[in-house]
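Written below as structure tokens is the structure these notes are about.
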Amino acid sequence: MSLPAPSQGVVEPLRERLGPYAWARRLRIESGAPLKAAVTLGERILHATPVYPALVAALTASGLMPRARREFAAMRIERTTVFLPNLPPSFDGFRILQISDLHLDVDWTVAARVTGLLPSLDYDIAVFTGDIIDRPTNYCPRVVGTMEEILSNIAAPAYGILGNHDRLNLVPPLENLGLRFLLNEGTALRRDGDVLWLAGVDDPAVFRCDDAARARAQAPGGTCTVLLAHAPNIARRAAARGADLTLSGHTHGGQICLPGGWGRTGGREISGDQRAGFWFRHGTPGYTCRGAGGSHLPVRLNCPPQLSLHTLFRGTGAPFIEQPVPVSAVTPPAPPCP
């Protein structure tokens with residue numbers, strides 16, 4: 001199966017789901033170089049600088065490359081507890097498995113580590129918070145086949161959003177596999193007559209096509225809402241639009257960090273406290289997952305990859321993270337996408 005190009009009209013039905021403005025903007029940016037989406041001087045310099053070859057050279061010269069490869073493969077499960085005063089009673093104890101930033105074509109063995117963990121986890125829904133793929137030019141049958149393997153091991157409804165590396169033509173084939181994308185949309189999760197609204201927005205980091213108001217437009221008034229947004233820079237807009245909890249990724253926790261966890265946040269409007277774990281904006285909690293894969297390179301330092309398992313409880317109190325559990329060992333890299 002090959003992925004259809006936007007020009008083939010396969011993504012045309014997505015116009016109404018995204019909204020006309022976001023649909024047109026995303027297609028316009030997808031049709032050109034990433035530089036078209038860069039609006040700040042820093043973004044333009046980053047696109048024009050060979051950052052990743054320099055990083056490989058630095059890790060190799062310093063002798064840190066073997067450690068960085070080992071840490072990349074040391075997957076963890078991060079279990080969290082979240083208290084939401086507005087959570088419907090029937091959803092007390094509701095569990096959300098968050099899988100973020102797979103970047104499958106960087107290292108295909110990430111998928112094997114994820115599927116190896118899934119049978120041991122209990123959850124009510126699974127959510128993919130963007131960046132299934134790394135390089136849009138690497139779209140190939142293997143992407144769909146690998147996602148089919150992951151999805152076949154998920155024993156619950158699965159929902160997803162697009163990240164800044166993803167493209168619209170990924171949506172139709174993955175929805176055919178059962179992954180429901182939320183493209184500036186929402187859906188009602190029902191349990192014993194209660195409703196929890198799950199909303200998802202398009203990428204707010206690079207494409208800037210997010211529309212939280214549209215994603216909540218059909219939610220009954222006052223309904224507790226969990227919002228999926230690839231990048232945490234949506235935090236203030238999400239709180240203003242009534243999100244009770246925002247789940248994000250994008251930052252990779254910094255990916256290459258100094259001891260103690262300091263690293264890049266991954267873009268403008270993202271603060272250091274949003275690099276990984278819980279954060280608050282306007283009293284509304286959000287969470288950033290470090291992700292399962294890596295951007296451009298299969299390396300990590302002082303920033304292990306993770307799946308996140310969130311348990312929601314009705315009540316008040318600060319959210320917290322349990323002690324993460326390492327669960328996998330090093331596996332060799334797979335050949336590149338054919």
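The values are calculated or read from the model by the stated rules, or taken from the named source; none is laboratory data. Predicted model only: the values in this text are computed from it and were never measured. Cβ: placed from backbone, ideal geometry, glycine included. Neighbour counts: every protein chain shown.
With respect to the conditions (1) within 22 Å of Arg26 (Cα to Cα); (2) in contact with a helix residue (DSSP H, G or I) (Cβ under 9 Å, 6 or more places away or on another chain); (3) assigned to a loop (DSSP other than H, G, I, E, B), His230 falls short on a single one, namely (2). Being assigned to a helix (DSSP H, G or I), touching a helix residue (DSSP H, G or I) at 6+ places or on another chain (Cβ under 9 Å) and touching a residue at least 60 places away in the same chain (Cβ under 8 Å) is a property that Asn169 has. Within region 247-296, the set of residues being surrounded by fewer than 23 Cβ atoms within 10 Å (Cβ to Cβ), hydrophobic (A, V, I, L, M, F, W, C) and touching a Phe, Trp or Tyr at 6+ places or on another chain (Cβ under 6 Å) comprises just one member, Phe278. Considering region 16-37, and only residues there that are exposed (fewer than 15 other Cβ atoms within 10 Å of the Cβ) and basic (Lys, Arg), the residue that is modelled with the highest pLDDT turns out to be Arg28. Among residues that are touching a helix residue (DSSP H, G or I) at 6+ places or on another chain (Cβ under 9 Å) and either under 24 Å from Gly93 (Cα atoms) or buried (at least 21 other Cβ atoms within 10 Å of the Cβ) (or both), Asp203 is included. Residue count for region 60-92 satisfying the condition of being part of a loop (DSSP other than H, G, I, E, B) and either free of Cβ contacts under 8 Å to residues at least 60 places away in the same chain or not small (Gly, Ala, Ser) (or both): 8.
Residues in region 59-96 that are hydroxyl-bearing (Ser, Thr, Tyr) and touching a strand residue (DSSP E or B) at 6+ places or on another chain (Cβ under 8 Å): Thr80, Thr81, Ser90. If only one of Arg95, Arg113 is touching a residue at least 40 places away in the same chain (Cβ under 8 Å), crowded, with 20+ Cβ neighbours inside 10 Å and of a type in the set (Lys, Arg), which one is it? Unique residue meeting the criteria: Arg113. For region 182-196, a residue qualifies if it is without any contact (Cβ under 8 Å) to a residue 40 or more places away in the chain and crowded, with 22+ Cβ neighbours inside 10 Å, and exactly one does: Gly186.
With respect to (1) under 22 Å from Val51 (Cβ atoms); (2) modelled with pLDDT of 95 or more, the lone exception for Cys257 is condition (2).
Tell me which of these Leu104 doesn't satisfy, since it passes every other one: (1) surrounded by fewer than 19 Cβ atoms within 10 Å (Cβ to Cβ); (2) within 17 Å of Arg290 (Cα to Cα). Status for Leu104: all satisfied but (1). Regarding Ala205, is this residue part of a loop (DSSP other than H, G, I, E, B), in contact with a Phe, Trp or Tyr (Cβ under 6 Å, 6 or more places away or on another chain), modelled with pLDDT under 95 and more than 20 Å from Ala156 (Cβ to Cβ)? So Ala205 does not fit the description; no.
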